[in-house]
Every structure is written in structure tokens, then in C-alpha cells.
Ligand code: ARG
């Protein structure tokens, strides 16, 4: 049951009865003048001219033809708007329907699909930093949203575990003397070699060191390429060393994702696609889709009007392109595999093992060209069937207050863990002000929830400012405000000397709450269509805020009329359930008290 849809059906029927055109394009929107009406349509304004009529006449005819109902009141306003008011009775019925429905009235998609999510994407041996926060936040929420909307979902973390960083790290460790035992010719069984000297802290030092060095030392870079190739070829002892580093790193990565309420069904990585790489390359070669270029194997993916060379002003200027869409490199000069190679082989693997209707990748927008290349390649080669949807959800950057990418005071990269600790500390201070001391898990829920809500409130593709004070405010469009509203309802429900019954809408505050639920429920579909959670965040806030007004204006606990009190408590419980469902979808924990 969706009141907005019911209204639409009535209007369409009347338009058809009147023999007017364009019933298919009629839209009903939430009113932007809630003091006048709850919904409206400007259909008459759009179609009147073509019919040679005045908009007001069209609107009046439509309204005259609608059968009277105890649910809706239709009226006409100059120059031709149709305003719709929903009666208290209709709102009560809707509220009780939502209350009883197992999906709380959120309408699922008609065509349920199997959607595969690829997010997280942490890189083994590289420490997680602030840039790794958005993918798990957005990915987890999108996955949950799809599940709420009825899709079957599966999530894979797709670790970066097959690239140059592996070769760099192993080479640096070797040069610094940590791997002598592995390179001792007498050693046969690498699994017995103790690794106590190799810690996460060491890896966090060694990789950046190597990464800097590769930019200035060509020989070092070449050697790292070779080490990477050996790892990709499972050559010993490189492969055993790599596996030990990977185990260490993945344990840490799992912990980090858990702090963000992010979970995966599959903990696979680029390396798991390795058995599919030869076959993938062969498909491109056999279908004549690849050509050689400077020893590498590339696939041309540019279409007309793309990748047009811009004439150089001088000889030594690098070549630039209009609408850049460079060829995808699927084999490196030394036979090594690249990011595109493993992504293509991974699509082949996923289709062999799962064949989902859609694969959704969540990364920052600097990878847009990469994914466009990979998607085009997969379609060209038929690795992804024509009917399969491939989606890249490209998010913007999390900036500091100065509007530039978030950095430490010294200008360094902010570590992932540091951000989380900052959030937890700040939440602990807030809780202390409310007299709650020493509850670390509660502080994590609030701190992390604050960041997630702050993040997801933005249209996914835009940059935003990480503003801790704003995110953490208990009052405003924030995660803590929603959690606080739930905690407040918990307290009302536990203090009440009566049980919630059915909702019976009696006043303006209750009308606003039920309308806010209606809006919240319709926002799920908007987010589903847009791959962005911002509409859901806003609607969740609007519901919490409608509840605050209700709480301030209407005495619930001291209500004398027991029947009325039970109905009011039912409103409270309904709001709590709807808010909790929204928070769950966003991947934010609810809290009992705060
Ligand atoms: N590891 C990658 C990075 O750090 C992200 C992986 C995204 N997923 C993918 N299938 N390429 O940028």
C-alpha cells in the first residue's frame, strides 16, 4: 500500500475517463507547501496547451470526475494545480499497514535480481588510510539497500593482492635483510621459517620506502617488476613470502572493516582470478581484439570522438588527448599481469561461478577510465554477457576543512585507524557530557555512525568535507541525532504504563510523522535508482525531526485517555522501527541509550 500510488491511480483513471492525453506522463509529487496540501500534480499545466484548453479547466474536469473517497480530498488551485490532501483516516490506515508489514511498507522492486558487489578493495601490504573509508561505507549501504529492496546480494572485498606493491615490499624486505632464511639454498620447507620479525608495523614502513624508491631508482623498479612476476607465477620462495605477508595483512584488514560494520561474503582478491587469466587473454587473442604495443598486449576501446590526439606545441611536450580513452593494457611488457588483467579475469570467474545480473564496483572517481575500459573489454570479448549490467559507482574525495584532501597537520596521509580513533574519542567526550562513561562500544557505534551518516548524506559522486564537529552534533542532520531519537523513544516505551496499540492519527504532529514515513519509504527506491543514499539520509532525518516536534508538543506519558495513550505509543514504536530500518540500511548501528 502506497498512498502516493493510490492517488496516482485515481488521477489516471479520471484523465482516461475525460479522454485527455498523456495520462502516462502524469506524476504526483510530495507537496512543497505542506500547509496547503500533502501532494500535488501539475499535469494540467503541462497538457492544457496541446488540448487547446485552459489549465484550470483541465484540472477542474479531472477533479470533478474523481469519485469521492474518505481517503483523499482533491482541489484545484490557479493556474491549474491539483492539490491533494490525505485524510487522517487514510494516514491511520497507512500507518497500521506499515506497522504490520514485514518490510515496514518499503515496496520491493518488481523484478528481483542477483546483484554482486565489489567494494572495500584494500591492498595487501599497504596500510589502510583515509582514502579507504568511503568504499566500504558506500558499498555496505548499497548492498543492504538492494537486499531490503528484494534483490539477492553477494559481496566480495576484492583485495589488491597481485600488483606491484607485493613485489616492492618483498624486494625491500630482502634488501633490508629480513628474508635471509628464505633465500638460504639449504631450506626446502618455507612453511617452517619463523616470521616473528615481520610485523605489520614493519610492513607499514617497508612499503612506503620501496614505493618512493621505485620512482627514482630504475633498476630497483625493474627488480620489483620481476619479483611481482615471480609471485604471480607462484615461484618460490617469493610466493611463500608473499603468502605470509598476505595472512598478516588480511587479518588486520578484516578487523578494520569490522569497525565500520562492513562484512563480506567472499574474501577473494585479484590473485584468485589467476587461474582464469590465460583463458581470458586467449579470448582476446582468438577474437583478434588485442594488438601488440611496445611488447605489451593492448585492446583498443576508444569510440568515435574519443582519444583524439591534441597537437603538441613542442617536441618534448607529452602527448595529450581530447576525451581520453587509452587502450586497455592486458599484458605487461614483461608478461606480468596488470590491474585490468585481473579485473577482466575476475569477471570471467564471477560469471562462471555466480553469473549475477549485475556487478557493482564502488571506488573513487579516479578509477572511472579504468572501469570504462574493463567494461568495454568484457562486452567486446563476451566475458560479460550482453544482458549483464556492469556499474561503476564512482565517489568523490573526503576533504579536510580547507577543502583539500584530508591530511595530517604535517601534511601526511591520515591513517584509517586514526580516523576511527578520532571518532571514538569524540563520541566518548559527548557521552561523558551525558553522564555515560567507559562504554567504548557505544562510543564506536556513535562515532562511526556519525561519519557514515555524514558521508552518505552527500550525493555519492561529490567531494565532501570531513567535519567532525558537524557530524558528531547530537542535534542536526547527523547520525547521532537519529540514534538519539531512537534512544529517546526507547526511554518513553520503557517508562510507559501501557502497551502500544493501533495508530489513530488525531493531530497535525501525527499527520506529519506518517507523511514523513511515507516519504522515507519512497526514498528507498530513489536511492536504488541513483546508487546514492543521500535521499534516504535526508528522509530519515525528516522523520526524526517530525518526531521531535511531536515529543515537544504532545504529552505522551501523561496522557489520561488510555486508548489515546496506546495509540500515541504505537506512533512512537512505529517511528522507532522505521528509523532503525533506515539506519540498518545505511550500515549504522542503533543504540539502546545515549
Ligand atoms: N585495490 C583497488 C584500489 O586500492 C580497489 C579495487 C576495486 N575493485 C576492483 N575490482 N578493481 O584502488
Per residue convex hull volume, Cα atoms of region 214-305, in Å³: 226
When the Debye formula is applied to the Cα atoms of region 324-378, each taken as the same point scatterer, what base-10 log of I(q)/I(0) results at q = 0.21, 0.23 Å⁻¹? -0.86, -0.99
May I ask for the distance between the Cα centers of region 12-60 and region 264-288, given as a whole number of Å? 54
Write down the Kirkwood hydrodynamic radius of region 1-135, to one decimal in angstroms, obtained as one divided by the mean of 1/r over all alpha carbon pairs. 18.0
What number, in nm² with one decimal, is the all-direction average of the projected area of the convex hull of the alpha-carbon atoms of region 114-160? 3.0
In Å, what Rg and Dmax follow from the Cα atoms of the chain? 29.0, 96
Neighbour counts of other C-beta atoms within 10 Å: give me 227, 117 arranged from fewest to most. 227, 117
Net lengthening on full extension, residue 593/residue 436 (0.36 nm per residue, minus Cα-Cα): 55.6 nm
Calculate, for residue 215 and residue 18, the FRET efficiency according to 1/(1 + (r/R0)^6) with r their C-beta to C-beta distance and R0 51 Å; round to the nearest 0.05. 0.10
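Using only Cα atoms, what is the ratio of the radius of gyration of region 72-163 to 2.2 N^0.38 Å?
Values: Rg = 22.0 Å, N = 92, 2.2 N^0.38 = 12.3 Å.
After normalising by residue count via 2.2 N^0.38 Å, the value is 1.80.
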Peptides 196-202, 447-453, 527-533: what's the order by average Cβ count within 10 Å, highest mean first? 447-453, 527-533, 196-202
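Report, to one decimal in Å, the Kirkwood hydrodynamic radius for region 306-439 based on all distinct Cα pairs.
Values: mean 1/r = 0.0517 Å⁻¹.
For region 306-439, inverting the mean 1/r across all distinct Cα pairs yields 19.3 Å.
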Using only the Cα atoms of region 146-212, each taken as one equal point scatterer with no solvent, compute I(q) by the Debye sum, divide by I(0), and report log10 of the ratio at q = 0.16, 0.22, 0.23 Å⁻¹. -0.67, -1.02, -1.08
Over the chain, what is the percentage of antiparallel beta bridges among all DSSP beta bridges, to the nearest 5? 55
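Within region 301-448, what percent of beta bridges assigned by DSSP are antiparallel, to the nearest 5?
Details: 5 of 12 bridges.
Here the share of antiparallel DSSP bridges comes out near 40 percent.
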Semi-axes of the equivalent ellipsoid for region 346-385, Cα gyration tensor, largest first, Å: 19, 13, 7
So the angle from the long Cα axis of helix 164-175 to the longest Cα principal axis of the chain, reported in degrees to the nearest 10, equals 40
C-alpha long axis of helix 534-553 to longest principal axis of the chain, angle in °: 40
Principal axis extents for region 418-564, Cα atoms only, whole Å, descending order, please. 52, 42, 20
Computed P(r) (all Cα pairs; region 27-89; 5 Å bins; percent): 4, 19, 28, 25, 15, 6, 2, 0
Determine the calculated [θ] at 222 nm for the chain from helices alone, applying -39500 (n - 2.57) to every DSSP H run no shorter than 4 residues and normalising by the residue count; nearest 500 deg cm²/dmol. -16000 deg cm²/dmol
In degrees between 0 and 90, to the nearest 10, how far off the longest principal axis of the chain does helix 508-530 point, with axes built from Cα atoms? 30
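What number do you get for region 503-594 when its Cα radius of gyration is normalised by 2.2 N^0.38 Å, N = residues?
Values: Rg = 14.1 Å, N = 92, 2.2 N^0.38 = 12.3 Å.
Ratio of Rg to 2.2 N^0.38 Å for region 503-594: 1.15.
Could you tell me the ratio Rg/Rh of region 272-373? Both radii from Cα atoms, Rh via Kirkwood.
Working: Rg = 15.7 Å, Rh = 15.4 Å.
We get a ratio of 1.02 for region 272-373.
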So what is the relative contact order of the chain, in percent, for Cα pairs below 8 Å that sit 6 or more residues apart? 14
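Normalized C-alpha radius of gyration of region 492-533, against 2.2 N^0.38 Å?
Relative to the 2.2 N^0.38 Å estimate, region 492-533 comes out at 1.66.
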Span per principal axis, largest first, for the Cα atoms of region 404-466 (Å): 37, 30, 17
Could the peptides 285-294, 417-426, 82-91 be put in order, highest first, of the mean number of other beta-carbon atoms found within 10 Å of their residues? 82-91, 417-426, 285-294
Quick one: Cα centre-to-centre distance for region 520-552 and region 73-98, in angstrom? 20
Sorted by packing (mean other beta-carbon atoms within 10 Å per residue), highest first, where do 429-437, 238-246, 348-356 land? 238-246, 348-356, 429-437
Going by Cα centres, region 414-450 and region 122-179 are how many Å apart? 24
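Read the figures in this text as sums done on the coordinates, not as results from a lab. Because the structure is a prediction, the values reported are computed rather than measured. FYI the Cβ positions are ideal-geometry reconstructions off the backbone, even for glycines, and counts take in every protein chain you see.
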